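Working notes, beginning with the structure itself.
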Amino acid sequence: MREKYNRETDNIEQNCTYTAEAHHIITLRNKKMSTWFQLVPAVVAAALGAAVGGGFISAWWVWISVVSAVIAAVGNVLNPMKEYYDNLNAAKNFTALKHDARALRDVFSSRMNDEEYMTAVQILHDRYNDLLRFAPPTNKEAFEEARKRV
């Protein structure tokens, strides 16, 4: 019977490993997107606005400033930093659950009887399912990259 519980903790650990990695990949992409769609255009718009206002460059450059400001505004509406933090939190939670599964199987189960171990594995399983309900979805591209990394 213990072997079934060990297999379940193995499955949870493995699923958490891949899912956490996929969320880390999505997190890195969102961080880059935030830089390119929020920070860079805002800096360009501010610099060009100051240069045009100061008379250092001709007034037609103001249109590049306007375009940069529009890109920054769209980036703020898309809000890649929200997705960044959502995926970062999911990655951290899956990583913690992965460590809990390993520790339960390899360390704590040795001092539990079968009934206690069954209860602990059930609780771990329920925590995994709860995390799946609230974690943002991953995508196929991130999952395939996670498979290669792991």
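Among residues of segment 20-45 that are surrounded by 20 or more Cβ atoms within 10 Å (Cβ to Cβ), those with a Cβ under 6 angstrom from a residue that is β-branched (Val, Ile, Thr), sequence gap 6+ or separate chain, pair up as ALA20/THR95; GLU21/VAL150; ALA22/THR138; PRO41/ILE71.
Look at segment 71-91: where a residue is touching a residue at least 12 places away in the same chain (Cβ under 8 Å) and a partner is in a helix (DSSP H, G or I) and open to solvent by 50 Å² or more (accessible area, probe 1.4 Å), sitting 6+ places away or on another chain with Cβ atoms under 7 Å, you get ILE71/PHE37; VAL74/PHE37; GLY75/PHE37; LEU78/PHE37; PRO80/MET33; PRO80/PHE37; TYR84/LYS31; ALA91/HIS24. Among the residues of segment 120-150, which ones are over 26 Å from ARG29 (Cβ atoms), surrounded by 12 or more Cβ atoms within 10 Å (Cβ to Cβ) and polar (S, T, N, Q)? Scanning segment 120-150 gives a single hit, GLN122. Within segment 79-94, the set of residues being open to solvent by less than 40 Å² (accessible area, probe 1.4 Å) and at pLDDT 95 or above comprises ASN87, LEU88, ALA90, ALA91, PHE94. Any residue that is in contact with a helix residue (DSSP H, G or I) (Cβ under 8 Å, 6 or more places away or on another chain), of a type in the set (Lys, Arg), assigned to a helix (DSSP H, G or I) and on the phi < 0 side of the Ramachandran plot - is there at least one of those in segment 3-19? Checked against the condition, which is being in contact with a helix residue (DSSP H, G or I) (Cβ under 8 Å, 6 or more places away or on another chain), of a type in the set (Lys, Arg), assigned to a helix (DSSP H, G or I) and on the phi < 0 side of the Ramachandran plot, segment 3-19 yields no hits at all.
Being without any contact (Cβ under 8 Å) to a residue 60 or more places away in the chain and open to solvent by 70 Å² or more (accessible area, probe 1.4 Å) is the filter; apply it to segment 95-106 and report the residue that is farthest from the chain's Cα centre (by Cα). Among them, the one singled out is ASP106. The number of residues in segment 63-78 that are within 19 Å of the chain's Cα centre (by Cα) and either open to solvent by less than 40 Å² (accessible area, probe 1.4 Å) or of a type in the set (Lys, Arg) (or both) comes to 1.
The values are calculated or read from the model by the stated rules, or taken from the named source; none is laboratory data. All of these numbers come straight from a predicted model, not from anything done at the bench. Every residue, glycine among them, receives a Cβ derived from its backbone with ideal geometry; neighbour counts consider all protein chains shown. Side chains are part of the model used for accessible areas, which takes the heavy atoms of the whole protein and leaves out ligands, DNA and RNA. Shrake-Rupley method; radii C 1.70, N 1.55, O 1.52, S 1.80 Å.
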